[in-house]
Every structure is written in structure tokens, then in C-alpha cells.
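Q: Okay, here's the structure, questions in a sec.
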């Protein structure tokens, strides 16, 4: 059984001021005393507004970077910050845009004692995707099938950032020279862990497209991801 005091939730954010207070309320309805680390790449003005909005939540730490350095980079920054707390044993990462629902945390908790990384998958039996346009669904499936073919890790969803790690897995990752900084870093992380002998499993989730704000994963980043796959594969 995971204790709240042993859990940290790392959330990379970029222009997510409307979503973060809603997400924090949802999180603390499920895990009342967990730590949360927000790694924010927004500019100074938007960061200041977020700092104001999260002030009323206990156990929330805001790490401010003030420029867009990439989702993967933000998660690694959060990992390294969280590792300073020796009491933390379980490390969640999730998106800031309300696509990931904290009510699904127990699915992950039920698996983590027998594995090192639990990935919330959009593509297992029992998974659901809500309010996504068909074009984005097709692109996501194409990317994930390509990643599986190239990297050979037996998971259905390489690119979803709803994940629970053990401390041992995060300590290992913090020592790696990870090459990718954008969302393709999620694939690099899974690849590195699998090659090192860590265990990975998946659970089905419901994924809901954002209501507020705009996705930062545009066409350029998706094209850049394909080059990232080659870098991951051949740098090993």
C-alpha cells in the first residue's frame, strides 16, 4: 500500500495557468498528503500568476525555468528535485492539461509493487480516448507503432506521460545522459529502463483532450520526434 507521504507527482507546465488549480484540486481529492512538483517553463508574467494561484495548496513546489526547454527536460528536472527528499519512494508524472485523471491513480498503485514503471496506455483493451480529432489519433497511433518497431519495447503507448516509477528507476534515470528534451523523451526513458533490465507494465486509462489552452506538441515537434527515434536507437 502506497502512503501519501511516499509519493511525489511531477507536472511539467507551459502556459497552463487555467488548468493547474483544477488539476491540483483533483489530485488532492485522491492523495491528500502527496508532494507535487510543478516544473514551469512559462514566461515571467505567467509564472508569477501561477505562483499566486498555487499558494493556497500545501506540499506544492514550483520550479521555474522561464523558457520552453521541453517536456522531457522538465520531468528530469522534477525527478532530480524530488530525489533530494529521501522519504519519497514513488514518482508519478502527468500532464498539466487535464488529459490525465487522478481518479485513476489506484490502477497504477495496484501494479507498482511488481514492476518498476507503470505506463497509463491509451491503446489497451479498456482504454478510452475522448474528444480527440481523428487526425491526431491517427498520427499518435502511427508514431507509437513506429516507435515499437524501432525500439522494440513491448508497450502499446510510448508517448503518454501518465506514469508511475519506483525510486530505483528514477535514480537510474537521473544518472543517464538522456538526449531528448521534448515529448519523445518518454520513449527514450522507456527504452533506457528496458535495456537496463527494469520491468515495465501498462494499465488502461481514459484520456481526454484539453479544454483550456493549446497543446505545445505541434507539427514541428512531431517531425522532430522521428529524428529522435533514430538518435535513441543508434546512440545506444
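Please treat every number below as a calculation from the coordinates, not as lab data. Everything quoted here is computed from the prediction, not taken from an experiment. Counting neighbours? That spans all protein chains shown, and the Cβs are built from the backbone with ideal geometry, glycine included.
Q: Using alpha-carbon pairs under 8 Å, 6+ residues apart, how would you state the relative contact order of the chain in percent? Numbers along the way, then the final one.
A: Values: 407 pairs, mean separation 58.8, N = 236.
It rounds to 25 percent for the chain.
Q: With labels modelled as points extended 7 Å from the Cα through the Cβ direction, what inter-label distance (nm, one decimal) is found for residue 69 paired with residue 125?
A: Taking the two extended label points, one gets 4.4 nm.
Q: Could you let me know the centre-to-centre spacing of the stretch 122-190 and the stretch 64-103, using Cα atoms, in angstrom?
A: When both Cα centres are located, 15 Å separates them.
Q: Take every DSSP beta bridge whose two residues both sit in the stretch 4-235, then give the antiparallel share in percent to the nearest 5. Could you put the intermediate results ahead of the total?
A: Details: 7 of 30 bridges.
Within the stretch 4-235, antiparallel bridges account for around 25 percent of the total.
Q: Here's a follow-up. Identify which of 190, 48, 96 has the largest mean-square fluctuation in a Gaussian network model of the chain, with springs joining Cα atoms closer than 10 Å.
A: Among 190, 48, 96, the largest mean-square fluctuation in the Gaussian network model of the chain belongs to 48.
Q: Can you compute the modelled spin-label distance between residue 22 and residue 148, with each label point 7 Å from Cα toward Cβ, in nm?
A: 3.1 nm
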